[in-house]
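K.L.:
Have a look at this one.
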Ligand code: G6P
């Protein structure tokens, strides 16, 4: 096992560090910048289905569900196809409306999650075209679906998903861009500049790990004793707030909630005082001004803000206790970078709390029963 961990103390830390590589592996052979194409047979062979789909429904569980939410933002924003994201466990039991004009995409690291399998079977029965995004080759979902694309993140051992998640995000970005190109919802020039940028994302991820890890270790020491955490984000980074909170809960057993930042005023704001650390994902993108005012609201209630900011940001930096920088990239790709510090924060807090990081209590890597 020591050898398998490659010198890291835990699989989770190893898998966090593998992300530049696993994202690259997921894009290899698909993102062909020189030819100006995204090559994905799973989509291309069924282009009629995809280009005529009236709706895409994404079903999944846990971390994969958070990837699905980012997928919704990406596909709607870029390719203008309506997308719904559902928990597989709810979808399967609520008599959903599914037609043969729908595409149902299951996202699953293991490809074995019982609820996701059942939801897919239901969609298939109702005539939808079913598509799988799985990490484990030849898994049940991969075999059940009409078509699909693998994330090539490699085996993920830590129960808390890290590299499978960022691989899912990279894959969803490729799907959204490919559909957008063929639907004509983005210009050729924009497509070209976005794929050039996407290709550099693994390097940016490596920079985030290199530049933030020691800082995050120190932040973890300051906050490892906290009883609660709040995570806030907007737009593309709202699902990342959910994912950051989930990571912390899973492995540190600290209660954490993720919220869309603007919803704070409808509840969580009541919880904010000097004992409430609030992680705010605040890249200098679309909703920046609104996030700044959310931070002011937290400050005036003496909450402690740990902010994820764009490199060179000064406004948020001056307002908060801790700020962690990520490189400046297009908004579409910010989730792949902003989640990295949150994975590291959860990891280092869990280590300080002496939790079995790779196998937290009561959780399973793959939930194959209901
Ligand atoms: C379990 C795992 C999570 C995972 C979820 C969905 O809860 O502990 O890490 O996100 O299942 O798993 P899947 O394999 O379908 O992505």
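K.L.:
Select from the stretch 122-141 the residues that are surrounded by fewer than 20 Cβ atoms within 10 Å (Cβ to Cβ) and within 15 Å of the ligand (Cβ to nearest atom) and write down the one among them that is farthest from residue 167 (Cα to Cα).
P.N.:
Restricting to residues being surrounded by fewer than 20 Cβ atoms within 10 Å (Cβ to Cβ) and within 15 Å of the ligand (Cβ to nearest atom), the top hit is 138.
K.L.:
Next question. Considering the stretch 85-96 alone, what residues qualify as being more than 16 Å from the chain's Cα centre (by Cα) and touching a residue at least 24 places away in the same chain (Cβ under 8 Å)? Steps first, answer last, please.
P.N.:
Quick first cut of the stretch 85-96, residues more than 16 Å from the chain's Cα centre (by Cα) only: 88-96.
The answer is 88, 89, 91, 92, 96.
K.L.:
OK, next. From the list 107, 98, 81, pick out the single residue that is within 9 Å of the ligand (Cβ to nearest atom) and farther than 17 Å from residue 41 by Cα.
P.N.:
107
K.L.:
I'm checking my understanding of the structure. Among residues of the stretch 97-116 that are without any contact (Cβ under 8 Å) to a residue 40 or more places away in the chain and surrounded by fewer than 19 Cβ atoms within 10 Å (Cβ to Cβ), which one is nearest to residue 138 (Cα to Cα)?
P.N.:
Looking at the filtered set, the residue picked out is 100.
K.L.:
In the stretch 329-340, what count of residues is obtained for those that are crowded, with 16+ Cβ neighbours inside 10 Å and not in a helix (DSSP H, G or I)? Walk me through it before giving the result.
P.N.:
We begin by selecting, within the stretch 329-340, every residue crowded, with 16+ Cβ neighbours inside 10 Å; these are 329, 331-340.
Within this subset, residues satisfying the condition of being not in a helix (DSSP H, G or I) are 329.
Number satisfying all stated conditions: 1.
K.L.:
Can you report the number of residues in the stretch 58-78 which are in contact with a strand residue (DSSP E or B) (Cβ under 8 Å, 6 or more places away or on another chain) and either away from the ligand (no atom under 16 Å from the Cβ) or under 12 Å from residue 183 (Cα atoms) (or both)?
P.N.:
Number of matching residues: 3.
K.L.:
Mind checking which residues of the stretch 1-22 are under 19 Å from residue 168 (Cβ atoms) and assigned to a loop (DSSP other than H, G, I, E, B)?
P.N.:
The answer is 18, and nothing else.
K.L.:
Could I ask something else about it? Name the residue that is nearest to the ligand (Cβ to nearest atom), counting only residues in the stretch 341-367 that are part of a loop (DSSP other than H, G, I, E, B) and either over 22 Å from the mean Cα position of the chain (by Cα) or modelled with pLDDT of 95 or more (or both).
P.N.:
Step by step, filter the stretch 341-367, then rank; the result is 362.
The values are calculated or read from the model by the stated rules, or taken from the named source; none is laboratory data. The model shown is predicted, which means the values in this text are computed figures rather than measured ones. Because the Cβ atoms are built from the backbone with ideal geometry, glycine has one as well, and the counts that use them run over all protein chains shown.
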